[in-house]
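Report on one structure; see the data block that follows.
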Amino acid sequence: MDSLQYVSSSSSTSNPRKPTTKKYWVLLTITCIALFVGTISSSLLSKFYFIHGGSSRWVSTWVQSAGFPLLLIPIYLPYLFGTFNQNPMPKPFTLLTIKLLLIAIVIGFMVGISNFLFSWSTSYLPISTSSLLLSTHLAFNLIFSVILVKQKLSFFNLNSVILITVSSILLALGSSHDKPKGTTHAQYFLGFFSSLGAGLIFALYLPLLEIVYREVHSYGMVMEMQLVSQTAAQVIAVIGMAVDGGFGEMVIEANVKFDLGDAMYWITIGFTILAWQLSFMGTAGLVYLTKSLTGGVCMTALLPICVLGGVIAFGDKFGGNKAISTLLCFWGFCSYVYGEYIKSKEDKEGLKSNEEMKSLRDDVDGNICNFIA
């Protein structure tokens, strides 16, 4: 009963999804910082692991969801803080229905598969190439958003899709100049299509979150569902690790293979786990506070920074094809942002026009009533 009263009161007073509330902007700021730090650092650290002697793709998959217990902090901290300040909140997980629980588990399995594909991509491709290929998820995201959440198409949206698609084709054509040493053509294209597959799944993941979050009452519930999803993704990783001998491989990598020593190996693993949780937390929070396509666009906006990070940190080649691909990716991103700006402006003008028409009708009705009286 307390939970139902909380939902009713919170929805009628301080809904954190309303941009007019202070709570909304605080949550949005924290979410964007988590997304920015997590996305860039997780991509670079994942490649750092492979460059310095790490070789297990299952270990790389495992670290992407191993930090799920960290999500208990944003789940329980507000509850404990509210209890301490005599501002009671429902106990965590009490509002999570069986339906939402099952949906979160299914989404988690999707994330687990996407994580594995990302690991294959990172192991065979330069981080700059992998990042540019992952930008294709914006194109896929638009398509799924149109189908699932009825996102309206426009010239700017379609232009964005075309430009980003062409940027990926250019990368494929320039693959002979981009292969890391020791990587065969077969391995390169395995990484290439793994990256596209990860982008495709992630693009489906975002609009599915938007649909599910329509039944979610608070930011805390978003983190609760994220915890369940990350746990499900971890189940896939643990099974893969157990079958492939990944846990034993971690010990061998730390003591023998990792060229920076065992201490640096475990530090790398620890920070990678933290970075991935920040990235996933930021993504889920941004979809809840805005919409799935906005989340996809923000992720795409960060990918060119990952490209530059790969060039600076790891000496990735940055030839003509990659430079043009980066420009096309950035152009596609700008096209989308400008289209959203135009749409927002038109919506505001339409709302203002409707308010003026309503005011005019009210005046006319009032004059008629006065005339009749």
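The values are calculated or read from the model by the stated rules, or taken from the named source; none is laboratory data. If you're wondering where the values come from, they're calculated on a predicted model, not measured in any experiment. No Cβ is skipped: glycine too gets one built from the backbone with ideal geometry, and neighbour counts run over all protein chains shown. Ligands, DNA and RNA are excluded from the accessible area calculation, which covers all protein heavy atoms including side chains. Shrake-Rupley method; radii C 1.70, N 1.55, O 1.52, S 1.80 Å.
Data table
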| read-out | value |
| --- | --- |
| Residues located in the range 199-238, provided they are open to solvent by 20 Å² or more (accessible area, probe 1.4 Å) and closer than 30 Å to ILE164 by Cα | LEU200, ILE201, PHE202, LEU204, LEU208, GLU210, ILE211, ARG214 |
| Condition met for TYR288 (open to solvent by 80 Å² or more (accessible area, probe 1.4 Å), at pLDDT 75 or above, under 26 Å from LEU27 (Cα atoms) and under 25 Å from the mean Cα position of the chain (by Cα)) | no |
| Flag for GLY182 being open to solvent by 20 Å² or more (accessible area, probe 1.4 Å), modelled with pLDDT under 90 and at positive phi | yes |
| Cross-chain or 6+ apart pairs with Cβ under 7 Å, the range 302-314 first and under 11 Å from LEU44 (Cβ atoms) and of a type in the set (Phe, Trp, Tyr), then at pLDDT 75 or above and open to solvent by 30 Å² or more (accessible area, probe 1.4 Å) | PHE314/ILE51 |
| Cβ-Cβ under 8 Å pairs, at least 6 apart or on other chains, the range 43-60 side over 18 Å from VAL235 (Cβ atoms), far side among the basic types (Lys, Arg) | GLY53/LYS257; GLY54/LYS257; SER55/LYS257 |
| Qualifying residue in the range 18-31 (condition: more than 24 Å from the chain's Cα centre (by Cα), closer than 28 Å to ALA232 by Cβ and either at pLDDT below 90 or not polar (S, T, N, Q) (or both)) | no |
| Residue that is surrounded by the fewest Cβ atoms within 10 Å (Cβ to Cβ) [pool: residues in the range 151-161 that are in a loop (DSSP other than H, G, I, E, B) and at pLDDT below 75] | LYS152 |
| Looking only at the range 53-65, and only at residues there that are part of a loop (DSSP other than H, G, I, E, B) and open to solvent by 20 Å² or more (accessible area, probe 1.4 Å), the one that is nearest to TYR265 (Cα to Cα) | GLY53 |
| Candidates PHE36, PHE50, filtered to the one that is part of a helix (DSSP H, G or I), at pLDDT 85 or above, open to solvent by 70 Å² or more (accessible area, probe 1.4 Å) and closer than 23 Å to GLY309 by Cα | PHE36 |
| Residue match in the range 314-321 (condition: within 23 Å of the chain's Cα centre (by Cα) and of a type in the set (S, T, N, Q)) | no |
